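Heads up, the thing below is written out as structure tokens.
The values are calculated or read from the model by the stated rules, or taken from the named source; none is laboratory data. In this text, all values refer to a predicted model and were calculated from it rather than measured experimentally. Using ideal geometry, Cβ is built from the backbone for each residue, glycine included, and neighbour counts are taken over all protein chains shown.
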Amino acid sequence: MKPEAAFSKMMKNNPELLECLSSSGIVSDDIIEFLLKAGIQAPSGDNAQPWKFASSKNKIKVFLDREADQSFFNINQIASIISCGAVIENITIAASFFGIKTDVNYLPDKNCENLMANLSFSFVKDKKEITKDSLFDSIWKRNTNRKFYNKSSVHSSILNDIKLLISSLPGTSIHFVTEKDAIKRLAKIVYKVDQIRTQNRSLHEHLNSMIRFTDQEAQIKRDGFPLKNLEAGMAGELFLKATKSWQVMDVLNKTGISKIAAIHSYQGILNSSGVALIFVDGLDKESFLKGGRTLELSWLALTRQNLSVQPMTAITLFWLRWLIKGKDEFSKGQQTLLALVWKDFHEIFADVDFNTNGTVVLFRFGISDPVSIGTLRKNVEDFILQ
């Protein structure tokens, strides 16, 4: 039995212990540790786990770890900030198990740019109000599934419930795409963008730095993704091993291999029930923190319905780099390709103002077989600021 499951079982079987904890008004160190374990189940770019924490009486401070992800994707650390938002959402949901309310204070210290939020905890006064959040169990089940999904449609009521769920986070929105023609159009867009990802040296080297090619390496580092997690198949795994060196990949790119590599993403979109785009009202840190919470809420809700999810991050993160840093961040050929991509992308999501709304993530969803192997997490102690 996993530690988190054992702890939950202990609390369920000992209601007097929960009564004792709540009557004292003090959130114990054991509960704080449990909340942090729940928090770090959150998704992050390439499973870089870009978080740090500090705790005190009834409080947890969530910090951004800028050193964890310095990739081309992570423009202004936005991808990592989104991940911190997902951590906050997990902690908030997990706290409900103990009858604990969480007050989130975003960016509380202007002099500390890495402090993302202060989380303050208090026990509910009426024991009848102690109800475990329905998404609590999904925290431990959520994962990224890169397999091809069943194309069967997802009932509109499920998607509508998710829209209603995220209405608790003002300033965030989700747009679902389930029409076959629009899905195919998005698949072509993602295909074009993924070619650029394959052609970018820094992205290639970053990806390979995060792939754990052996079980031993995965167990030691406990971040990134085990090779089997990529669901590339035997041929794909051999290709990844053979192209670890940028020199090899660069030569192959000149033969058009980037188009072949991008086909997997194209087929992934086609083999899905739908695609969703999460966006926020602004381009500031607080907006993206809320966007991360919305992402996690949506993902957990889909997990609870036994649906699989895979973020397709290149398109939203490339757009943010284009918007914030300018088109010269890309080569002339890539600029020409992306200009066409943005036109199609913006037409599909016509209700989004791409110049003022922050794009959080595009993801596909559907019914699928379980992942072959999941990703690991470092120990909570590794994230505690000394």
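Contact map, the range 64-78: first residue outside any loop (DSSP other than H, G, I, E, B), second residue buried (at least 21 other Cβ atoms within 10 Å of the Cβ) and hydroxyl-bearing (Ser, Thr, Tyr), Cβ cut-off under 9 Å, separation 6 or more or different chains; pairs are Leu64/Ser80; Leu64/Ser83.
Each residue in the range 206-222 was checked for being crowded, with 16+ Cβ neighbours inside 10 Å and part of a helix (DSSP H, G or I), and 5 pass. Checked against (1) under 17 Å from Ile278 (Cα atoms); (2) touching a strand residue (DSSP E or B) at 6+ places or on another chain (Cβ under 9 Å), Asn114 passes all but condition (1).
Matching residues to (1) in the same structural domain as Ala218 (by TED's automatic domain parsing); (2) of a type in the set (A, V, I, L, M, F, W, C); (3) in contact (Cβ under 8 Å) with a residue 60 or more places away in the chain:
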site: Arg321; (1), (2), (3): yes, no, yes
site: Ile324; (1), (2), (3): yes, yes, yes
site: Gln335; (1), (2), (3): yes, no, no
site: Asp353; (1), (2), (3): yes, no, no
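Look at Gly99 and say whether it is in contact with a helix residue (DSSP H, G or I) (Cβ under 7 Å, 6 or more places away or on another chain), surrounded by 20 or more Cβ atoms within 10 Å (Cβ to Cβ) and modelled with pLDDT under 95. It is true that Gly99 is in contact with a helix residue (DSSP H, G or I) (Cβ under 7 Å, 6 or more places away or on another chain), surrounded by 20 or more Cβ atoms within 10 Å (Cβ to Cβ) and modelled with pLDDT under 95. Within the range 244-278, restricting attention to residues that are of a type in the set (Ser, Thr, Tyr) and free of Cβ contacts under 8 Å to residues at least 24 places away in the same chain, which residue is surrounded by the fewest Cβ atoms within 10 Å (Cβ to Cβ)? This residue is Thr255.
Only one of Asp344, Asp328 is farther than 19 Å from Ile78 by Cα, touching a residue at least 40 places away in the same chain (Cβ under 8 Å) and acidic (Asp, Glu); which? Don't jump to the end; show me each part of the working.
Working: Asp328 fails: touching a residue at least 40 places away in the same chain (Cβ under 8 Å).
Selected residue: Asp344, the only one of Asp344, Asp328 that is farther than 19 Å from Ile78 by Cα, touching a residue at least 40 places away in the same chain (Cβ under 8 Å) and acidic (Asp, Glu).
Exactly one residue out of Ser157, Ser134 is in a loop (DSSP other than H, G, I, E, B) and loosely packed, with under 15 Cβ neighbours inside 10 Å: that is Ser134.
Does Ser71 meet the test of being surrounded by fewer than 18 Cβ atoms within 10 Å (Cβ to Cβ), more than 12 Å from the chain's Cα centre (by Cα) and either under 26 Å from Arg321 (Cα atoms) or outside the structural domain of Trp322 (by TED's automatic domain parsing) (or both)? I'd like the intermediate steps shown before the answer.
Working: surrounded by fewer than 18 Cβ atoms within 10 Å (Cβ to Cβ): no; more than 12 Å from the chain's Cα centre (by Cα): yes; either under 26 Å from Arg321 (Cα atoms) or outside the structural domain of Trp322 (by TED's automatic domain parsing) (or both): yes.
No, not satisfied.
Take the conditions closer than 30 Å to Phe354 by Cβ and part of a strand (DSSP E or B) and apply them to Ala117. Does it pass? Yes.
Name the single residue that is surrounded by the most Cβ atoms within 10 Å (Cβ to Cβ) among those in the range 279-337 being among the charged types (D, E, K, R) and over 24 Å from Asp109 (Cα atoms). Residue satisfying both the conditions and the ranking: Glu296.
Return yes when Thr144 is modelled with pLDDT of 95 or more and surrounded by fewer than 21 Cβ atoms within 10 Å (Cβ to Cβ) and no when it is not. For Thr144, the condition - modelled with pLDDT of 95 or more and surrounded by fewer than 21 Cβ atoms within 10 Å (Cβ to Cβ) - is met. Residue count for the range 227-251 satisfying the condition of being in a helix (DSSP H, G or I), over 26 Å from the mean Cα position of the chain (by Cα) and among the polar types (S, T, N, Q): 1.
Selection of first residues in the range 106-131 that are under 14 Å from Ile81 (Cα atoms) and of second residues that are loosely packed, with under 15 Cβ neighbours inside 10 Å and modelled with pLDDT of 95 or more, restricted to Cβ pairs under 6 Å at least 6 apart or on distinct chains, gives the following pairs, ordered by first then second residue: Leu115/Asp109. Does Arg197 meet the test of being closer than 27 Å to Trp51 by Cβ, surrounded by 20 or more Cβ atoms within 10 Å (Cβ to Cβ) and of a type outside the set (Gly, Ala, Ser)? For Arg197, the condition - closer than 27 Å to Trp51 by Cβ, surrounded by 20 or more Cβ atoms within 10 Å (Cβ to Cβ) and of a type outside the set (Gly, Ala, Ser) - is met.
Looking for whichever is touching a residue at least 24 places away in the same chain (Cβ under 8 Å), touching a strand residue (DSSP E or B) at 6+ places or on another chain (Cβ under 9 Å) and either in the same structural domain as Ser298 (by TED's automatic domain parsing) or on the phi < 0 side of the Ramachandran plot (or both) here; the options are Val193, Val177. Which one fits?
Values: Val193 fails: touching a strand residue (DSSP E or B) at 6+ places or on another chain (Cβ under 9 Å).
On inspection, the qualifying residue turns out to be Val177.
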